[in-house]
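Read the structure below first, then the notes.
The values are calculated or read from the model by the stated rules, or taken from the named source; none is laboratory data. What you see is a predicted model, and the numbers here were worked out from it, not measured in a lab. Cβ placement follows ideal geometry from the backbone for every residue including glycine, while neighbour counts extend to all protein chains displayed.
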Amino acid sequence: MQDELLKSNQQLNRLGMITSYLKDHYMEDISLGKLAGIFGYSPSYLSKMFARYAGINYKDYLQNIRLEHAVKDLENTDKQIVDIAFDHGFANSKAFTNLFRKRYGMLTSEYRKQLVKKKQRESYAHHRALLEKDKKVTL
């Protein structure tokens, strides 16, 4: 029992190092085989390790990291969709937009339009609040 717990803890530590590596290198072309080689595992063993200890398969884990970073760029920059896709390790813009649509239920262009409208509403509300505050100060 103690040995099994120790082994499980060691595997979690190793998986932590692997996931940290992925978070630092997600924008690169990192296949399961390449990652396994870097850490001295066979691809099948690393795949099983992800499934068992992370509860997600390798490909989905990597895609989640890429999508998370790409969405931040989508929200905070005016970069073209194709540039965002390539900057964050997607093979092409279609891979990014398909994953985005699957996750968010809309196109990336729709998402950006909604963000613009939201920012405009927030800006308008902020401006109105400042005007109201100025009125109270002058009275």
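Whether a residue is at pLDDT 95 or above and farther than 30 Å from residue 46 by Cβ was assessed, and residue 82 passes this test. Only residues that are surrounded by fewer than 16 Cβ atoms within 10 Å (Cβ to Cβ) and small (Gly, Ala, Ser) were counted in the range 64-103, giving 2. Of everything in the range 20-35 that is without any contact (Cβ under 8 Å) to a residue 40 or more places away in the chain and outside any loop (DSSP other than H, G, I, E, B), the residue that is nearest to residue 54 (Cα to Cα) is 20. Got at least one residue in the range 44-62 being closer than 20 Å to residue 109 by Cβ, outside any loop (DSSP other than H, G, I, E, B), modelled with pLDDT of 95 or more and in contact with a helix residue (DSSP H, G or I) (Cβ under 7 Å, 6 or more places away or on another chain)? No, the conditions are met nowhere in the range 44-62. Candidates are the residues of the range 48-60 that are buried (at least 17 other Cβ atoms within 10 Å of the Cβ) and within 11 Å of residue 32 (Cα to Cα); the one that is nearest to the chain's Cα centre (by Cα) is 58.
Taking each residue of the range 88-99 that is touching a residue at least 12 places away in the same chain (Cβ under 8 Å) and looking for partners that are part of a helix (DSSP H, G or I) and among the polar types (S, T, N, Q) with beta-carbon atoms closer than 8 Å, six or more apart or interchain, yields 96/108; 97/108; 99/63.
Hey, among 47, 93, 109, which residue is among the polar types (S, T, N, Q) and closer than 30 Å to residue 13 by Cα? Checking each option against the conditions leaves just 47.
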